[in-house]
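Here the structure is laid out as structure tokens; the discussion comes afterwards.
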Amino acid sequence: MKLKIGVLTSGGDAPGMNAAIRAVVRRAISLGLEVYGIRRGYDGLLDGDMYPMNVSSVADIIHRGGTILHTARSERFMQPEGQDLAAARIRGAGLYGVIVIGGEGSFRGMVELNRRGVRAVGVPGTIDNDIPYTDYSIGFDTAVNTGVEAVNRLRDTATSHERIFVVETMGRHSGQLALAVGVAGGAESILIPEVPLEIEEICSRLRRGLERGKKHSIIVVAEGAGKGFDVARQIEQCMGTEIRVTVLGHVQRGGTPTAFDRLLASRLGAKAVDVLYEGGSGLMIGIRGTELVTTPMEKVLEGKKEIDMELYRLAEDLAR
Ligand code: F6P
């Protein structure tokens with residue numbers, strides 16, 4: 001009898017998740033395994049909503065954003081009774097183990113499954129790139145590119161009208177996305193939750209720019225550092241000028257994944273199957289430099305992804 005494994009996506013979707021699902025399914029099949037797709041993350045697992053996948057189930061998805069398995073932030077699964085039931089569902093379906101593609105919340109759930117004797121391996125997928133022990137998570141590169149594209153467009157109109165724009169990126173608890181968008185988009189100031197920056201400091205930079213004849217500016221604000229509209233109102237007060245605000249929101253979570261994300265997702269997904277097949281569990285597959293690395297999930301969850309302060313200082317230095 002063939003060994004069966006399950007795969008699910010959980011939490012916020014991220015471009016490249018489909019490429020990861022494709023890699024999981026196809027590597028598993030080439031190892032002679034059966035694969036079950038679990039729909040709607042842990043919510044679907046609780047309902048036993050799973051189906052057998054074959055090579056064709058993942059045809060034509062490598063370029064598609066979102067996740068064909070759908071996703072959820074399951075309230076029911078947060079409860080210990082939900083976690084017991086989920087573990088029972090996996091055993092009941094005869095699954096040898098599961099691969100969880102998601103972010104921190106999804107990995108916390110995975111650890112609960114491990115504690116209940118379920119084998120599971122995690123693949124980092126979140127546009128926030130806030131998972132430690134991996135340089136990148138699936139979806140980040142695409143979201144950065146989407147953000148930069150938006151900043152490029154806003155810069156055109158900001159220049160024409162000689163306006164200041166505040167652009168709010170996603171990142172509830174993390175400034176990784178805002179920092180990358182800000183540096184690559186040439187923002188004048190970047191506001192992220194990890195580094196305190198007084199509004200007055202932003203205003204004095206804007207004033208210095210004005211003195212040099214610079215009449216337009218882009219300020220990138222991570223969602224976790226404050227609402228873009230609030231930040232804009234405060235800057236309006238110290239600058240005495242009207243400011244336009246663009247909240248990028250969920251636009252950053254959609255779209256066709258970049259080649260970088262597809263490559264990353266393909267490598268991480270296939271490796272997760274190898275690790276699970278070789279008996280590994282309670283592990284996350286990540287990338288360090290160009291190498292794939294495996295880290296115990298408990299360690300990942302205790303860690304914190306630090307902001308690259310060198311990059312942050314570079315942004316300040318270059319934004320003149
Ligand atoms: O975790 C990814 C993320 O996109 C965060 O950046 C954002 O704060 C959150 O999800 C939004 O979640 P929801 O889709 O539930 O509104």
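Only the coordinates and a few stated rules stand behind these numbers; no lab work does. Just so you know, these numbers come straight off a predicted model, no measurement behind them. We place every Cβ from the backbone using ideal geometry, glycine too, and count neighbours over all the protein chains shown.
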Can you give the direction-averaged projected area of the convex hull of the alpha-carbon atoms in the stretch 224-320, in nm²? 9.9
For a quick protection proxy, order the peptides 103-115, 200-212 by their average other-Cβ count within 10 Å, most packed first. 103-115, 200-212
Provide the per-residue ³J(HN,Hα) series for the stretch 228-233, in order, calculated from phi with Karplus coefficients 6.51, -1.76, 1.60 and θ = phi - 60°, each as a whole number of Hz, with x at glycine and proline positions. x, 5, 5, 4, 4, 4
Charge dipole (the stretch 142-253, unit charges on Cβ, about Cα centre) - positive-most of Ser160, Ala184, Thr142: Ser160
Rounded Å value of the spacing that divides the Cα centres of the stretch 281-320 and the stretch 205-263: 24
In whole Hz and in residue order, list the ³J(HN,Hα) couplings for the stretch 47-57 that follow from phi through the Karplus curve 6.51 cos²θ - 1.76 cosθ + 1.60, θ = phi - 60°; x for Gly and Pro. 8, x, 7, 9, 8, x, 10, 10, 4, 6, 4
What are the ³J(HN,Hα) couplings of the stretch 70-87, residue after residue, when phi is run through the Karplus curve with 6.51, -1.76, 1.60 and θ = phi - 60°? Round to Hz, x for glycine and proline. 6, 8, 7, 10, 7, 6, 4, 6, 5, 7, x, 5, x, 5, 4, 5, 4, 4
Rg [Å, one decimal], Dmax [Å, integer] - the chain, C-alpha atoms: 21.4, 75
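Starting from the alpha-carbon convex hull of the stretch 112-167, give the projected area averaged over all orientations, in nm².
Projected area, direction-averaged: 5.4 nm².
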Distance in nm between pseudo-label sites at Glu75 and Thr294 (7 Å out along the Cβ direction from Cα): 3.8
Computed over the stretch 1-142, the convex hull of the Cα set has an average projected area, in nm², of 7.9
Ordering of 16-26, 126-136, 45-55 by packing [mean C-beta count within 10 Å, highest first]: 16-26, 126-136, 45-55
Residues meeting the amide H criterion for Glu34 (H placed from the backbone, H to H distance under 5 Å, 5 or more places apart or on another chain) are Leu3, Lys4, Ile5
